[in-house]
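The values are calculated or read from the model by the stated rules, or taken from the named source; none is laboratory data. Every value quoted in this text rests on a predicted model; they were computed, and no experiment measured them. Neighbour counts run over all protein chains shown; Cβ positions are idealised from the backbone, glycine included. Calculation scope for accessible area: heavy atoms of the full protein, side chains included, ligands and nucleic acids excluded. Shrake-Rupley method; radii C 1.70, N 1.55, O 1.52, S 1.80 Å.
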Amino acid sequence: MVASDSFAEFLREQLAPLGHITMRRMFGKTGVFCDGFMLGMVTENTLYLRVDDHNQTAFAEAASYPPLNYEKEGQLIDLSFWRAPERLFDEPEELVEWARAALAAARRVATKRTTPRRKSKPRV
């Protein structure tokens, strides 16, 4: 389920210190983007922030919740998005800190995807 209009507007306002925040519906959810990088996803008005190896320890509190996932062929596939604790919505500065860490992870993911892989040299 996608984000409600009011929740999407709330997130835009709260995350504005990061840059230009946009929302886009995708796969039955809402992607949260900052300057073109997807830092989060919303489903049923629950915010999930992008994680990677660099920010997992900072998001230790979020690890107590199941990550965003979907079912494929009878198995749950976990995505690299962890649920933001509800308390962050009462602490806007900390929410922005978490979102900034998620944005950094989103940039690292984008860099990995756009970095051309070296072709191996043929063996003689």
Seminar exercise, completed: By residue number, the members of region 11-28 that are part of a helix (DSSP H, G or I) and open to solvent by 60 Å² or more (accessible area, probe 1.4 Å) are Arg12, Glu13, Pro17
Seminar exercise, completed: Considering region 65-80, residues that are in contact with a Lys or Arg (Cβ under 9 Å, 6 or more places away or on another chain) and among the hydroxyl-bearing types (Ser, Thr, Tyr), and then whichever is farthest from Ala102 (Cα to Cα), we arrive at Tyr65
Exercise. Hey, does region 63-75 have a residue that's of a type in the set (Asp, Glu) and in contact (Cβ under 8 Å) with a residue 12 or more places away in the chain?
Worked result: no
Exercise. Taking region 56-93, which residues are under 20 Å from Arg107 (Cα atoms), hydroxyl-bearing (Ser, Thr, Tyr) and open to solvent by less than 90 Å² (accessible area, probe 1.4 Å)?
Worked result: Ser80
Problem set entry | Residue satisfying condition, being modelled with pLDDT under 95 and touching a helix residue (DSSP H, G or I) at 6+ places or on another chain (Cβ under 9 Å), within set Asp78, Asp52 | Asp52
Problem set entry | Those residues of region 1-10 which are of a type in the set (Gly, Ala, Ser), more than 16 Å from Arg83 (Cβ to Cβ) and open to solvent by less than 80 Å² (accessible area, probe 1.4 Å), in sequence order | Ser4, Ala8
Problem set entry | Selected residue (criterion: surrounded by the fewest Cβ atoms within 10 Å (Cβ to Cβ)) from residues of region 37-55 that are within 11 Å of Trp98 (Cα to Cα) and of a type outside the set (A, V, I, L, M, F, W, C) | Asn55
